[in-house]
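Have a look at the structure below before the remarks.
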Amino acid sequence: MEDVTLDKAVFKRLSETQSNFSKQDDKMQTFQMKRLYEVERIVAFALGASFLLVGIAGFLPGFVSPISADAPSLAFNDGYGNVLGLFPTNFLHNAIHIVVGLLGLAAATSVGGSLVYNQLFAIAYIGIALMGLLPGANTTFGVMPIFGNNVWFNALTGLIAGYYGFVKPAKAIEASNP
């Protein structure tokens with residue numbers, strides 16, 4: 001009889017311990033998801049702010065140096081130069097950077113918006129980086145320069161957005177479903 005009482009007490013204690021571990025796991029998972037949500041928003045904000053600033057700088061003559069003579073010609077030459085002395089640009093390219101930047105800032109106001117922004121940004125900018133490597137496509141078919149330093153910049157920002165838009169959330173979901 002004493003063994004049965006002892007077994008019940010041990011079982012009760014084990015159940016309480018498991019319950020406490022389960023509550024701690026739930027708190028940890030909640031904390032990790034909140035942190036992921038914050039990071040998603042920070043990445044969308046950082047990408048948005050970066051592209052907005054680069055886009056604005058492209059319209060300011062002090063930030064744009066002349067394009068080299070051997071650069072491909074464009075059908076849209078207005079503002080054709082190197083923003084910050086590094087990145088080939090024109091007015092259309094600057095306007096697109098401003099729109100992408102504003103979308104990033106707007107997306108950063110919500111978790112869902114920032115996740116979708118990071119995912120779409122990754123797909124678009126990795127695609128643009130690949131286009132920048134192809135002759136003919138590297139000027140967006142004569143409209144906008146995406147060659148030179150734009151290739152690594154677009155690839156880098158696309159990979160960052162892809163990591164936080166696809167890889168990091170998948171790891172969080174995997175960790176929450178043991």
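For the stretch 79-96, check the following and say yes or no: at least one residue is assigned to a helix (DSSP H, G or I), open to solvent by 60 Å² or more (accessible area, probe 1.4 Å), farther than 15 Å from P145 by Cα and modelled with pLDDT of 95 or more.
no
Checking the conditions here, which among F121, F153, F147 is touching a Gly at 6+ places or on another chain (Cβ under 9 Å), part of a helix (DSSP H, G or I), closer than 23 Å to G58 by Cα and open to solvent by less than 50 Å² (accessible area, probe 1.4 Å)?
F121
Could we say that T109 is closer than 22 Å to I67 by Cβ and either more than 11 Å from the chain's Cα centre (by Cα) or open to solvent by 50 Å² or more (accessible area, probe 1.4 Å) (or both) here?
On the way: closer than 22 Å to I67 by Cβ: no; either more than 11 Å from the chain's Cα centre (by Cα) or open to solvent by 50 Å² or more (accessible area, probe 1.4 Å) (or both): yes.
Considered against the rule, which asks whether it is closer than 22 Å to I67 by Cβ and either more than 11 Å from the chain's Cα centre (by Cα) or open to solvent by 50 Å² or more (accessible area, probe 1.4 Å) (or both), T109 comes out as no.
Inspect the stretch 31-48 for any residue being open to solvent by less than 100 Å² (accessible area, probe 1.4 Å), among the aliphatic types (A, V, I, L, M), in contact with a Leu (Cβ under 9 Å, 6 or more places away or on another chain) and modelled with pLDDT of 95 or more and give the result as yes or no.
For the stretch 31-48, residues open to solvent by less than 100 Å² (accessible area, probe 1.4 Å), among the aliphatic types (A, V, I, L, M), in contact with a Leu (Cβ under 9 Å, 6 or more places away or on another chain) and modelled with pLDDT of 95 or more: present.
Six or more apart or on different chains, Cβ under 7 Å: which pairs go from a residue in the stretch 103-122 that's farther than 16 Å from K168 by Cα and in contact (Cβ under 8 Å) with a residue 12 or more places away in the chain to one that's polar (S, T, N, Q) and in a helix (DSSP H, G or I)? Could you list them?
Correct list of pairs: A107/S114; A108/S114.
Free of Cβ contacts under 8 Å to residues at least 12 places away in the same chain, open to solvent by less than 60 Å² (accessible area, probe 1.4 Å) and under 30 Å from K34 (Cβ atoms): is that true of A170 in this structure?
In short, yes.
Scan the stretch 86-97 and give yes if some residue there is polar (S, T, N, Q) and in contact with a helix residue (DSSP H, G or I) (Cβ under 6 Å, 6 or more places away or on another chain), otherwise no.
Step one: list which residues in the stretch 86-97 are polar (S, T, N, Q), which gives 89-90, 94.
Within this subset, residues satisfying the condition of being in contact with a helix residue (DSSP H, G or I) (Cβ under 6 Å, 6 or more places away or on another chain) are 94.
Yes, the stretch 86-97 contains a residue that is polar (S, T, N, Q) and in contact with a helix residue (DSSP H, G or I) (Cβ under 6 Å, 6 or more places away or on another chain).
I'd like to verify a number: residues in the stretch 156-178 that are over 19 Å from the mean Cα position of the chain (by Cα) and assigned to a helix (DSSP H, G or I), how many? Please lay out each step first, then the result.
The first filter runs over the stretch 156-178 and keeps only residues over 19 Å from the mean Cα position of the chain (by Cα), leaving 174-178.
Retained after the next criterion (residues that are assigned to a helix (DSSP H, G or I)): 174-176.
Counting residues in the stretch 156-178 that are over 19 Å from the mean Cα position of the chain (by Cα) and assigned to a helix (DSSP H, G or I) gives 3.
Would you confirm, using the coordinates I've provided, whether I126 is in a helix (DSSP H, G or I), loosely packed, with under 14 Cβ neighbours inside 10 Å and of a type in the set (A, V, I, L, M)?
No: the conditions fail for I126.
The values are calculated or read from the model by the stated rules, or taken from the named source; none is laboratory data. Nothing here was measured: the structure is a model prediction, and the numbers come from that model. Reconstructed Cβ throughout: ideal geometry from the backbone, glycine too, with neighbour counts over all protein chains shown. To get the accessible areas, we keep the full protein, side chains included, count just its heavy atoms, and leave off ligands, DNA and RNA. Shrake-Rupley method; radii C 1.70, N 1.55, O 1.52, S 1.80 Å.
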